[in-house]
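Heads up, the thing below is written out as structure tokens.
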Amino acid sequence: MDVPLWLALLVVGYLGVKLVRPPWWLIAVLLLGGFLLADSVLAPVIDNFTK
């Protein structure tokens, strides 16, 4: 069974918010920080660590 990555991330994110109940500002900071890091000069370094 092949599950698209976006669907898996959506389910894991939903369950994480429901079970752990982090504050909304923390979720916003993590999403914005990840978005900004993905388009920065650090992106190749992060890519090497994730592979």
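The values are calculated or read from the model by the stated rules, or taken from the named source; none is laboratory data. What you see is a predicted model; the values in this text were computed from it and never measured. These area figures cover heavy atoms from the full protein model, side chains too; ligands, DNA and RNA do not enter into them. Shrake-Rupley method; radii C 1.70, N 1.55, O 1.52, S 1.80 Å.
Okay, here's what the table says:
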| item | result |
| --- | --- |
| Answer label, with Rg/Rh (Cα atoms, Kirkwood Rh) calculated from the coordinates and candidates (1) 1.05; (2) 1.35; (3) 1.22 | (1) |
| Ranked order, 35, 49 - accessible area, probe 1.4 Å, largest first | 49, 35 |
| Full-extension gain in nm, residue 36 to residue 21, via 0.36 nm per residue minus C-alpha separation | 3.0 nm |
| Solvent-accessible area per residue, Å², over the chain with all protein chains present [probe radius 1.4 Å] | 97 Å² |
| Accessible carbon and sulfur surface of the chain relative to its total accessible area, %, 1.4 Å | 76 percent |
